[in-house]
1. Could you tell me the calculated FRET efficiency between C:Leu41 and B:Gln18, based on Cβ-Cβ distance and R0 = 51 angstrom, to the nearest 0.05?
2. Relative to 2.2 N^0.38 Å, what does the C-alpha radius of gyration of region C:13-209 come to as a ratio? Two decimals please.
3. How much net charge surrounds A:Leu191 when only the other residues with a Cβ under 14 Å from the Cβ of A:Leu191 are counted, with Lys and Arg +1 and Asp and Glu -1?
4. Quick one: which of A:179-192, C:68-81, C:149-162, C:175-188 comes out on top by average Cβ neighbours within 10 Å, and what's the full order, highest first?
5. Relative to the longest principal axis of chain A, what angle (0 to 90°, nearest 10) does the C-alpha long axis of helix A:155-167 take?
6. With the crude spin-label approximation of a point 7 Å out along Cα→Cβ, what separation in nm comes out for A:His19 versus A:Ser288?
7. Under 19 Å from a point placed 7 Å out from the Cα of A:Asn214 along the Cα-to-Cβ direction: which residues of region A:48-72 have their backbone N that close?
8. Which Rg and Dmax, in Å, describe the Cα atoms of the protein assembly as shown?
Amino acid sequence: MALTLGRGDRKGATVTFEHASKYYGASPGPSPAVDDLSLQVEPGEVCVLVGPSGCGKTTSLKMVNRLVEPSSGRVLIDGTDVAAVDAVSLRRSVGYVIQQVGLFPHQTVAENVGTVPKLLGWPRARINARIDELMDLVGLDPDQMRNRYPAQLSGGERQRVGLARAMAAEPPVMLMDEPFAAVDPLVRERLQDELLRIQRQLGTTVLFVTHDINEALKMGTRVAVMEQGGHLAQYSPPAEILARPATEYVARFVGADRALKSLALRTLGQMDLEARRGSAEIQDQSISLGADQTVRDALSALLAAGRAEGPVFGSDGRFLGFFTLDALVKSFVREPESSGNST
Amino acid sequence: MNFLIGVGAWLVGPAHWQGGDGIPVRVMEHLSMSVAAWAVALCLALPLGLFLGHTGRGGGVAINVANIARAIPSLAVLSLSLPLAFGLGLGLGFWPTVIALVPLGIPPILINTYTAIRSVDKDIVEAARGMGMDGWQVLRQAEVPTGAPVILTGLRTAAVTIVATATLGAIVASGGLGRYLVDGLARQDETRLFVGALLVAILAMLTEGAFAWLGKAVVSPGLQQAGRHDQEPWMMWTG
Amino acid sequence: MNPGEPLIRWDWVWAHTSDIGQRVAEHCVLAGIAVLFGFLLAFGLAILIRQQPLTYEPITWVAGVIYTVPSLALFALLIPFTGLSLMTAEIGLIGYTQVILVRNIVSGLRSVAPDIREAAIGMGCTSQQLLWRVELPLALPIIVAGLRVTTVSTIGLTTVTALIGQGGLGFLILDGIQRFFSTPLLVGAFLSVLLAIGADLLLVFVERLSSPWKRAIV
């Protein structure tokens, strides 16, 4: 049975785990790798599986493209049980990116990116056009990079090629297993931003595995916090995880600074701003904030300048009002579970 | 010095370039025995090595083959092939030599192919499977091209070993360049001996060179960048 | 080989035990000298490469060329200069050991992890102390592996020296071929293999004794 996922409208697919469990060795052993996992990822969402090593997040991910078969339960893509689909054709329609990238060292960047279209038997011209399009999308200059070999790339460039390769056949679902864990922090941040941009642009459904809670909160539409023994502790939007951790374990996992972390999930544009003073006074302010800045960055700027407030401007340069420490504190009192991420 | 002049004179003597004992005929004999034995060894060992490497089975078998094969002296293999060739009615000379050379070519090809496929980066294989390659495609598009440098080294070692040992075939009355050596020893004709040795050495080095060239032509530049490829599992393996 | 004759005539074997014993002894001496001096030479070259890394390429190139030349041809090339002598046989056999031994010793020394090397230097080891107290002990397994391969193939190769008038088990094999008599041929081949396997096991034993820290993880 062939899989015809989301072709045509090219939007993301729905991914559903139904009581999926995985036992290794004598089943059901004392500690399963994945324990009765049920969750649904809606089309176009980024679902981040986060937890310490050995919590079964990677195993769960691999159930989707059948690199791991569940011991019990099932995984559905758009309502179709993946076990009923031929594993090879399933994998060709599900993008897959791993930490070590696994680029083919004997192939050029272009050949690597064109792997899946070639497996699918696309005509040469269409493959070539797609390669250029993808390289542009992930921020690699095709003319410069097309004929390079993986050995000639930096770590960040390799991840970009891996991302392009995974997206080549316009998969409705992408699986990403700690894709940015091996690159340095600056490059990681840029890659995260670009992945989010591309994901929003294409509407692909993404399942993303990481052990880094900050990355999870940044990337996830919803975050699945998993604990030792393959057990799902909480599955919620990031702001809710920070505001209302479901268990003691989740609270400890997100850290004592969870209120601070939540600041990174909101932009100044989403805050109540005070528009009390005239624009004349604004000229005197030595500090100016942008509406698309996160509250965390804005707070940091205020503290660095030794001030309790600062003017906020829209992207068109229009004055929107003042961001004040007072208003910030009130936003927590009034609305501790602030639905920050739902833009 | 006189000796070397003698060698030079022998080499340019027109008598040594024609007839059944002439240099061209001996070279052709040498090459035909070697190519035949190498081709048979290739057909036997390469598919087996690919299969064992891809499935991950038979590692212990491979180690034992390597260890035992290395311990058996080529002279003994050659002599043991005599009764076999006699039994099959193949006579002296060409066939006993070919039969003796085949087992010498198998271990380097088998071991290097097995090791090459086994040592392909696991991430590459997982990425290939994750993108929807079936077993055959993983082998053909990921494992073989990535392992090509080591596989080719095995083919080269087998070829050089076979060309070298074909020399000993003259002891069991085959043709080839070994004739000059064995006859030279028997007649105490040091010039003939030296010329024969020189020609065999050149032939072996040309074989080596041909495979080095083949490696450059066949192996992806992406792998040649990565570094030197003088790894030789066949030489390093001890199990 | 002659019709109706058994492959092995045990009566011949029993009648020639002392002769066979002598051939085994000769074989051991021929191969032993080659491995011993081959190892000393290779060790010296490896130390030279350690001090002067630029010499690695030319040394391994020359060793590789020697290795490529067929054994009988190498002996033959030496005969005009050193005659049908023990010297000829040993130069050839030692020459063949170099490729594997030098490469193994060098890669063994280089395999020592940079952090271990750095720690040793940080504690004040001189270059010599680093070599003898850190690099060599840690490289020992790889060095012994190379020594095992070399020993086994040298024992096999030693049979060829019978063609240039040396003794050893090759003498029995050659005798069998020339007389169309399979018994000495098989005895020679079998004992040569046995000798190689025995030497290999002996080196495994030595390796176990000399690197006790590896036993914990095996």
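1. Details: r = 44 Å, r/R0 = 0.86.
Plugging the Cβ-Cβ distance into 1/(1 + (r/R0)^6) gives 0.70.
2. Dividing the Cα Rg of region C:13-209 by 2.2 N^0.38 Å gives 1.19.
3. On the way: positive: A:Arg158, A:Arg160, A:Arg188, A:Arg190, A:Arg197, A:Lys218; negative: A:Glu157, A:Glu178, A:Asp184, A:Glu189, A:Asp193, A:Glu194, A:Asp212, A:Glu215.
For residues surrounding A:Leu191, the net value is -2.
4. Details: A:179-192: 16.6, C:68-81: 23.1, C:149-162: 26.2, C:175-188: 20.1.
The most tightly packed comes first, giving C:149-162, C:68-81, C:175-188, A:179-192.
5. 60 degrees
6. Calculated label separation equals 6.1 nm.
7. Under cut-off, by backbone N: A:48-53.
8. So, for the protein assembly as shown, Rg and Dmax equal 35.5, 122 Å respectively.
The values are calculated or read from the model by the stated rules, or taken from the named source; none is laboratory data. What you are looking at is a predicted structure, and each value in this text was computed from that prediction instead of being measured. When we count neighbours, we look across all protein chains shown, and the Cβ atoms used for this are built from the backbone with ideal geometry, even at glycine. These area figures cover heavy atoms from the full protein model, side chains too; ligands, DNA and RNA do not enter into them. Shrake-Rupley method; radii C 1.70, N 1.55, O 1.52, S 1.80 Å.
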